[in-house]
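Please read the structure below before turning to the comments.
The values are calculated or read from the model by the stated rules, or taken from the named source; none is laboratory data. Here the structure is a predicted model, which means the values were calculated and not measured. Every residue, glycine as well, gets a Cβ built from its backbone with ideal geometry; the counts of neighbours run over all protein chains shown.
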Amino acid sequence: MTDAAARGHQEPHLEQFLVFLQKSPFNMLLFGLAVTTGGMLLWPLVARPLRRTQEVGAFEAVQLINRRDALVLDVRDTGEFAAGHITNAKHIPEAQLADRVKEIEKHKSRPIIVSCGTGSRAPAVSGALRKQGFAEVFALRGGIAAWQQASLPLEKS
């Protein structure tokens, strides 16, 4: 089959689809909704390589803590931290980080693992710490929720 014949064979399907979409605004709405939700499902896969933040899973974090004496920085609110946190974690709520960054200055040479509740706040904090000269900063992928899901222990204060 030649290219022209192949195109001619496919064009009626495209034309039929476009006619179908134009028949009703509801069809256009459903098609737009399908494209949007498909994009939303694919976005995390596309965006992950574009992030500047390095992430580690729960077991990778345990290895960093045990093998390289990594500091765990918990940036959740006080109530969340008291309900359960990683053993020996340093607690500095995200809102206070700019004012209290001097408390962790002495740990610049150690890896730092930033943890939050679900992993949504940690990447931003990790980026901010990198800008302030901390070399090895990692966000805990999935946060404390992922830590618990991996059946790793939490300590309460």
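Things worth noting here:
For (1) in contact with a Cys (Cβ under 8 Å, 6 or more places away or on another chain); (2) surrounded by 11 or more Cβ atoms within 10 Å (Cβ to Cβ); (3) of a type in the set (Val, Ile, Thr); (4) farther than 18 Å from Trp147 by Cβ, each residue gets a yes or a no:
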| site | (1), (2), (3), (4) |
| --- | --- |
| Thr37 | no, no, yes, yes |
| Val75 | yes, yes, yes, no |
| Gly79 | no, no, no, no |
| Thr87 | no, no, yes, no |
| Glu105 | no, no, no, yes |
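- Enumeration of residues in the stretch 129-157 that are under 15 Å from the mean Cα position of the chain (by Cα) and in a helix (DSSP H, G or I): Gly143, Ile144, Ala145, Ala146, Trp147
- Leading residue by the ranking (nearest to Ala139 (Cα to Cα)) among those in the stretch 55-108 that are among the basic types (Lys, Arg) and touching a residue at least 24 places away in the same chain (Cβ under 8 Å): Arg76
- From the options Ala61, Ala98, Ala4, Ala82, residue that is at pLDDT 90 or above, more than 23 Å from Gly127 (Cβ to Cβ) and assigned to a helix (DSSP H, G or I): Ala82
- So Ala145, is it small (Gly, Ala, Ser), closer than 13 Å to Ala58 by Cβ, assigned by TED's automatic domain parsing to the domain that holds Asn66 and surrounded by fewer than 16 Cβ atoms within 10 Å (Cβ to Cβ): yes
- In the stretch 39-54, residue farthest from Ala135 (Cα to Cα) [restricted to those that are modelled with pLDDT of 70 or more and surrounded by 10 or more Cβ atoms within 10 Å (Cβ to Cβ)]: Gly39
- Members of the stretch 64-79 that are assigned to a loop (DSSP other than H, G, I, E, B) and acidic (Asp, Glu): Asp69, Asp77
- Residues that are part of a helix (DSSP H, G or I) and under 16 Å from Gly127 (Cα atoms) occur in the stretch 41-48; there is at least one.
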